[in-house]
Amino acid sequence: MELFANLLSGFSALLGTETIPWWQPGTVIMIGITIGIFVGVMPGLSASTGLALMVPFTFGMDPLIAIVFLVSIYTSCAYGGTITAIAINTPGTPAAVAVAMDGYSLTQQGQPGRALGTSLLANVMGGITGSLILIFFSFPISKVALKFGPPAFFSLAIFGLTIVASMESKNRTKAFFSTALGLLFMTVGLDIINAHPRFTFGRTELFDGFSFIPALIGLFALGEILLNIEKDTGVKTAVKTFSSKLPKFSEIWTIRKNIFKGGAIGALVGAIPGAGATIAAFVAYGEAKRSSKDPDKFGKGSLEGIAAPSAAAGASEGGALVPLLTLGIPGSAATAVMIGALTLHNITPGPELFSNNAQLVYALFASLPIGIAFMLLIGYLGTKIWVKLIAAPKAVLLPVIIAIAFVGSYAVKNTMFDVYVCLGFGILGWVLRRNGFPTAPMVLAMILGKMAETNFRQALLAEGTWTVFFTNPLSLGLLILAFLSLFIPLYKEKKMKELKSNL
Amino acid sequence: MIKKILYCIAFSFISFSFLSAEYPDKPVKIIVHTKPGGAVDLMARQFAQIAGQISDQSFVVVNKPGGSGLLALANVYNEKADGYSILAFPAAYLAPIQTTNIGFGLEDFEYLACLTISPEAIITNRYADIKSLDQILDFAKAHPNEQKWCGPGSGSLDHLMAVKIWDKAGITAKWIPYGGGGPAIASVMGKHNHVYVGNPEDIIGRKENLTIAAIASPERHPTFPDAPTFKEFGIDLTSDVMWRGFAVKKGTNPEIVSYLIELLKTVSTDPTWKQFIKTTGVQGVFIQDDEFQEMVFRDAESSKTYLSKAGFSVGKEPPTAPMPVLFIIVTILIISSVIFYYIKKKGIEKSNIPFIAGVGLSIAISFTYISNYFPVPREGTTVGAATVPQVWALFLAFVSLLILYQLKTLSNSSKPGQVPLVLKLVGILFGYVFIISFIGFLPATFFMLIAGMMILKHGNIKTIFLTSAVVILFMYGIFYKVLQVPLPMGMFF
């Protein structure tokens, strides 16, 4: 019951204290949410960059207000990333790639409103699930998160990679081709164990490998634009009108299970430091497809395929706050900035925070649902604007997206090299996509490839034996899951084929 | 006429000296080698804020991450020595600059002052069996080369510190590198590794879980008085500190240098700065130019010694595969022509897919070729730098061959559309990225927008210009002004 008393004091702190005027927390949350959505929408601006740029503005604020402000930015970024994924097939965050697959497909059918509405609602519900899990189960989850050593992380990455098999049932060989290419690309750069430069061709810019965000922007935004220009005559669009009609309540009701499952997956996977929102979104997508009654609709604008990863992305934000608050360990680049920002306000996250600064922690918890409510409002109002924007003539819209994609690529590391990376991957994305090679598996491989190799080699270095991947229970469990997720879809299809041939 | 020219030259000299006397007369950049949010970045931002208040000019933090910090270093080295690009210079720069052949070195910088130091320390899990330095040493002696030490990176400051400790204490252990300090600390909290090498402030907020086994300073740390020093255990490690300071390019006007040193001194006594230093747990100091430079070069010597002890090649390039680019091109050409003949002979429907698979196969072969020259695995390990790329390459080769084998069943559903139009646009984009460095990001983008809209046949010229102008203004306002992204401005601005 102490928890509820604490929460209550957290809520009351948000209504103002002696040092904080009553209007301040609410205003700050609203501004934070708006900034967060904007940052998420702009390709190239990630949550971590957005947060770091806003930190100086918090110098003069009360620590509580500063934290609430930063957390609001942080939680709304994920939603911002899904907007562009759905509207123009330009995922603002890696996690949004999973949303783009079905979301953009629905937009092409002229129903961006339905896709955006589903994503918003799923994101909000996921966010609520995530914050509830954060509030009630922080400490037990953090204990599990610490159990993840190199062997378990390696197996988690392998499990994540096997989702490709269930994601793309039509072009499985082509999907694996993209996966392999992505895995190989990710080995470019200094090797983590020996610091030996691999495949850098003497360029210092490649020491840290291909910058991920410019590559992502290239593969999706630029690749999509080039494909669009090739397929379109420029005058006649396939769909003349875009409807801003939101999904019906009955539609949302039928996908409620996907939303809650996605939320739970997001909160749990998001809590594992380093794994993050992307794996969560893809795992949720794969699970939604596996359990769906209508798996053939996936990739063609299935609402389930939009809802599950959106919910997971929304919930993983809350999840990633678990290791941040309970252990002081950043689970992602964005939470690393949060730690830095909190330090500036004389607050050091970690187990001691809950005993030394309980009111602050619970005010943060209390701000999550309030922020989510604002996000629903702003997102709802925004949907109409987005639909209008994408209805602009393509001859104008496409060059503008290219310009923003390039400036976004530049902004990631402030270097022209990343603009070249964006252009190169853009052409690659076009060539692959026009020949039916999906690019989402490449993104997944690029994220998981590094994680798999690093942890594989750390585990071998530490234990000196291959058997550790099978003797560590967490690792073994994940490997079994990986095996199942790879072969069950194949087995199911074979059965289906036999059934059909018997008929 | 000659008089006129002389007059002009004289005038420009006067105005030049006038300008330098007025330094700084435009915003000063502080280059940071990490992404926003790192410890060095936060220090630079705090400094920028206070310095901006003192000097009337704004100080802007510019992040140039990448190349293990070398890109930031190279950035300042390639700028004019005019004092408008200051480099936040942490000790972390030493190792990468020594192991890479980048064409310049530590002697090409002017060291202004060092503002924070923190002694190196080893940290253990409070609830583990091995937590005190005695226990660490006993275990390591009983089990040579089995104890697991971790920290950020390979060849990093902390890695070299570990090697130094092993050397001085006469033990052997394993170094498990992590991508950053956070995950490494988590691994000690989760008892996956025994010892974390870092700094005492790393345990702030986690004192319930972590403990400092030993600190490499002559006396006990004022903030962490419970933590013993190495000296107390009879190990001679007293002056190993992680420092963070500021530097400019060598050849900067001495007046500007002394101005900046004075500025750094004022900042180091500022109450806001002192509060910030206190929060981060490091020690605030002010170590001026000569003394700072001495410290840099002394630590560089030590770094060199322990880099070679840790098995890194210092000063010479590691072996690389001869002519990698040529190899890739030739492989692609050979495999493509083989596929071309095969298709023609078998009469398979014309498509790009076999060629994409061919390029995949070529990349797999080339990467295997290049990785054959990577260093062999260290003693006691079976997996080296080449292993994982080669496994992935094998996977790629297998899938590529599978595609070639399945060619008939893989349908090529899409019909080619307006490929020439796409190629035209791609041409414009290549021209665009090419001219950015000459005429600046925003003008180049303006031209790209107009050219792009024109070839996509948007009829209304007025809309084209208006939209382009609005986009440029948006970029200038949001990215350049508000977000302070240092877009290349080219020769006109």
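Summary of values
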item	result
Selection status of B:Ser437, modelled with pLDDT under 90, within 30 Å of A:Phe406 (Cα to Cα), not aliphatic (A, V, I, L, M) and not assigned by TED's automatic domain parsing to the domain that holds B:Ile339	yes
Residues that are over 18 Å from A:Phe148 (Cα atoms) and either β-branched (Val, Ile, Thr) or at the interface with chain B (Cβ under 8 Å from one of its Cβ atoms) (or both), drawn from segment A:325-337	A:Ala333, A:Thr335, A:Ala336, A:Val337
Among residues of segment B:468-493, those that are at pLDDT 90 or above and more than 12 Å from A:Val407 (Cβ to Cβ), counted	4
Every residue from segment B:437-486 that is among the polar types (S, T, N, Q) and either part of a helix (DSSP H, G or I) or more than 10 Å from chain A (Cβ to nearest Cβ) (or both)	B:Ser437, B:Thr445, B:Thr463, B:Thr467, B:Ser468
Set A:Val361, A:Val421, A:Val412, A:Val396: member being at pLDDT below 90 and in contact with a Phe, Trp or Tyr (Cβ under 8 Å, 6 or more places away or on another chain)	A:Val361
Flag for A:Thr162 being modelled with pLDDT of 85 or more, facing another protein chain (nearest Cβ under 7 Å) and either in contact with a strand residue (DSSP E or B) (Cβ under 6 Å, 6 or more places away or on another chain) or in a helix (DSSP H, G or I) (or both)	no
Residue ID - farthest from the chain's Cα centre (by Cα), chosen from residues in segment B:151-204 that are more than 9 Å from chain A (Cβ to nearest Cβ) and in a strand (DSSP E or B)	B:Val195
Hey, A:Gly379 part of a helix (DSSP H, G or I) and surrounded by fewer than 24 Cβ atoms within 10 Å (Cβ to Cβ) or not	no
Looking only at segment B:99-133, and only at residues there that are touching a residue at least 40 places away in the same chain (Cβ under 8 Å) and small (Gly, Ala, Ser), the one that is surrounded by the fewest Cβ atoms within 10 Å (Cβ to Cβ)	B:Ser132
Filtered residues of segment B:158-179 (kept if closer than 30 Å to A:Gly209 by Cα and either out of contact with any Ser or Thr (no Cβ under 9 Å at 6 or more places or on another chain) or modelled with pLDDT under 90 (or both))	B:Asp158, B:His159, B:Met161, B:Ala162, B:Val163, B:Ala173, B:Lys174, B:Tyr178, B:Gly179
Criterion (among the hydrophobic types (A, V, I, L, M, F, W, C), assigned to a helix (DSSP H, G or I), within 7 Å of another protein chain (Cβ to nearest Cβ) and under 30 Å from A:Gly449 (Cα atoms)) met by exactly one of B:Val391, B:Val399	B:Val399
Residue count, segment B:431-445 (criterion: polar (S, T, N, Q) and either in contact with a Phe, Trp or Tyr (Cβ under 7 Å, 6 or more places away or on another chain) or buried (at least 17 other Cβ atoms within 10 Å of the Cβ) (or both))	1
Qualifying positions in segment A:167-199 - closer than 30 Å to B:Asn101 by Cβ, more than 8 Å from every other protein chain (Cβ to nearest Cβ) and of a type in the set (A, V, I, L, M, F, W, C)	A:Phe185, A:Met186, A:Val188
Criterion (within 10 Å of chain A (Cβ to nearest Cβ), more than 19 Å from A:Met54 (Cα to Cα), touching a helix residue (DSSP H, G or I) at 6+ places or on another chain (Cβ under 9 Å) and not β-branched (Val, Ile, Thr)) met by exactly one of B:Ala113, B:Ala91, B:Ala39, B:Ala95	B:Ala95
Subset of segment A:49-76 (residues that are away from every other protein chain (no Cβ under 14 Å) and either under 23 Å from A:Ala315 (Cβ atoms) or part of a helix (DSSP H, G or I) (or both))	A:Leu64, A:Ile65, A:Ile67, A:Val68, A:Phe69, A:Val71, A:Ser72, A:Thr75, A:Ser76
Complete set of residues in segment A:1-30 that are without any contact (Cβ under 8 Å) to a residue 40 or more places away in the chain and among the hydrophobic types (A, V, I, L, M, F, W, C)	A:Met1, A:Phe4, A:Ala5, A:Leu8, A:Leu15, A:Trp22, A:Trp23
Some residue of segment B:204-212 being surrounded by fewer than 17 Cβ atoms within 10 Å (Cβ to Cβ) and touching an Asp or Glu at 6+ places or on another chain (Cβ under 7 Å)	yes
Extreme residue, surrounded by the most Cβ atoms within 10 Å (Cβ to Cβ), among residues of segment A:172-205 that are among the polar types (S, T, N, Q) and within 24 Å of the chain's Cα centre (by Cα)	A:Thr179
Residue within segment A:384-393 that is under 21 Å from B:Gly37 (Cβ atoms), crowded, with 20+ Cβ neighbours inside 10 Å, at pLDDT 80 or above and under 24 Å from the mean Cα position of the chain (by Cα) present	no
Helices (runs of 4 or more DSSP H) wholly inside segment B:272-385 that include at least 1 residues being under 30 Å from A:Pro438 (Cβ atoms) and more than 9 Å from every other protein chain (Cβ to nearest Cβ)	B:324-346, B:353-371
So B:Gly431, is it under 25 Å from A:Leu226 (Cα atoms) and either in the same structural domain as B:Ile339 (by TED's automatic domain parsing) or not in a helix (DSSP H, G or I) (or both)	no
Residue within segment B:374-388 that is modelled with pLDDT of 90 or more and either surrounded by 13 or more Cβ atoms within 10 Å (Cβ to Cβ) or closer than 30 Å to A:Leu398 by Cβ (or both) present	yes
Which numbered condition A:Thr19 misses (of (1) of a type in the set (Ser, Thr, Tyr); (2) under 16 Å from B:Val482 (Cβ atoms); (3) not in a helix (DSSP H, G or I))	(2)
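Here's the yes/no breakdown for (1) crowded, with 18+ Cβ neighbours inside 10 Å; (2) at pLDDT below 90:
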| residue | (1), (2) |
| --- | --- |
| B:Lys424 | no, no |
| B:Leu429 | yes, no |
| B:Phe447 | no, no |
| B:His458 | yes, yes |
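The values are calculated or read from the model by the stated rules, or taken from the named source; none is laboratory data. Source: prediction; values computed, not measured. All Cβ positions, even for glycine, are placed from backbone atoms using ideal geometry, and neighbour counts span all protein chains on display.
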